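Values quoted throughout were computed directly from the atomic coordinates according to the rules given, and no laboratory measurement underlies them. The structure presented is a predicted model; accordingly, all values stated were derived computationally and were not measured. Positions of Cβ are generated from backbone atoms using ideal geometry, with glycine treated the same way; all protein chains shown enter the neighbour counts.
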Amino acid sequence: MTERLADRNQHATAALEHLYRHWSANDAGLLISGNIIVDRRFKEASANIVLEDESGLPALSRMVAAGTQNNTHFWAQISHAGRQSTIFSTFKPIAPSAVKLKKLMLFAKPRAMTMEEIKDVEDRFVNTAILCKKAGFTGVQIHSAHGYLLNQFLSPITNQRTDEYGGSIENRSRLLLDIVRRVRAELGADFPVSVKLNSADFQRGGFNEEDSLIVIQKLEEQGIDLLEISGGTYENITFLTERYQRKSTQEREAYFMDFARKIRKHTNLPLMITGGFRSRAFCEEVLRKKELEMIGFARPFLNEADFPNRFLENADSRVSDAVFNFKIHQMRDFAEAGFYDYQIHQLAGGKDLKPGYNPYLAVLRMTKNELVKGWF
Ligand SMILES: Cc1cc2nc3c(=O)[nH]c(=O)nc-3n(C[C@H](O)[C@H](O)[C@H](O)COP(=O)(O)O)c2cc1C
């Protein structure tokens with residue numbers, strides 16, 4: 001989960017060390033960091049960690065040491081926000097094509113990237129991955145989901161290019177696959193490389209399940225170690241709000257399981273899903289049936305301070321979510337982000353979680369932080 005806890009140089013802080021020490025001590029098997037950004041001009045949040053050169057390595061290494069205690073694996077999620085950079089980060093975002101994000105007024109219209117800029121982004125992902133390994137991370141994850149830049153290349157809505165990066169799914173996935181190939185070559189066969197990919201963007205005309213299956217097969221040919229499946233973009237944040245949308249998924253608990261079952265027949269890649277898992281019984285069932293190799297959790301880490309330790313102790317454990325039943329969907333989306341951002345700050349500051357915290361206040365607090373840390 002994005003932590004929004006870096007300092008003004010976009011370097012890791014003592015608060016981040018505290019946060020990851022807490023989670024590694026609580027028996028998380030594998031931790032994956034929040035977005036670590038490859039280019040400081042295009043952050044997804046004002047206080048993202050940015051890793052462009054070695055200046056941030058000492059602070060980052062301390063954070064990684066804290067997160068790898070207790071035999072915990074700690075992987076870096078590497079990302080570029082593209083058109084999902086807010087105006088607190090830039091008024092001139094870049095994207096495959098000049099297609100503006102429809103979400104309040106927080107995003108400026110992007111400019112279509114030049115060929116040089118595409119090559120630059122490729123180099124930056126590789127460079128950041130090398131630096132992550134130097135910092136001591138035990139693996140990396142290339143973020144190609146949730147509507148960020150690499151996902152923008154995959155989607156025909158945001159990618160209207162007519163060159164070798166647009167059109168067919170082979171072209172739309174070119175940048176992701178080139179990055180994965182080079183990262184693997186640089187980091188070596190034994191270093192875990194993962195990709196986070198949408199099953200679909202859940203938008204008419206967007207990246208869909210057929211596209212996703214083709215990309216997954218190509219990723220398998222390249223030999224990644226773990227595929228994390230998610231779904232949605234900022235325009236439809238399915239990855240956070242699926243449970244409000246479909247009754248069937250509320251009953252079934254986890255999001256994106258249907259897709260995992262479908263692709264199981266077509267790929268041998270180790271699979272993980274993050275999204276909606278809340279009961280031990282259901283997790284056990286999915287693992288027993290070998291539908292997934294790994295289960296990912298995000299909000300449970302912020303709903304219970306001792307997650308996953310206590311969850312793992314009791315066979316009948318169940319974690320409950322905070323529920324934000326606002327009629328206006330955009331408000332609900334912001335409440336989800338703001339409420340959990342607040343809880344991250346509580347944990348990182350060594351304080352108790354506050355499940356009763358007012359989501360409106362949380363949104364105001366998050367917006368103020370974005371503005372102050374972004375502009376001042
Ligand atoms: C506060 C917060 C920050 C998040 N930041 C990221 C992020 O940086 N990268 C990412 O891939 N997903 C991020 N997510 C999405 C989660 O990884 C996950 O897909 C989503 O919360 C669904 O899983 P859950 O039901 O277990 O919470 C974030 C979610 C929350 C609540």
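A few remarks follow.
- The tail of the calculated P(r) for segment 270-326, taken as Cα-Cα distances beyond 19 Å, holds 28 percent of the pairs.
- Per-residue packing, averaged as other Cβ atoms within 10 Å, sorts the ranges 81-93, 60-72, 157-169 into the order 81-93, 60-72, 157-169, beginning with the highest.
- With both labels modelled 7 Å from their Cα along Cα-to-Cβ, the residue 261 to residue 7 distance reads 5.1 nm.
- Alpha-carbon centroid distance for the pair segment 301-362 / segment 161-239, whole angstrom: 29
- All other residues whose Cβ lies under 15 angstrom from that of residue 119 are scored, Lys and Arg at +1 and Asp and Glu at -1, for a net of -4.
- Here residue 290 and residue 209 are evaluated by their C-beta separation; at R0 = 22 Å the FRET efficiency comes out at 0.55.
- Using θ = phi - 60° in the Karplus curve 6.51 cos²θ - 1.76 cosθ + 1.60, the 3J(HN,Hα) couplings for segment 230-240 round to 9, x, x, 9, 4, 6, 8, 7, 3, 5, 9 Hz; x is entered for Gly and Pro.
- Cα-Cα separations in segment 123-177 greater than 19 Å, expressed as whole percent: 38
- Residue order, fewest to most beta carbons within 10 Å, for 372, 50: 372, 50
- When the alpha carbon gyration tensor of segment 72-216 is reduced to an equivalent ellipsoid, the three semi-axes, largest first, read 25, 18, 15 Å.
- Pairs of Cα atoms farther than 35 Å apart, the chain, %: 17
- Net +/- balance of residues flanking residue 10 in space, Cβ distance below 9 Å, scoring K and R +1, D and E -1: +1
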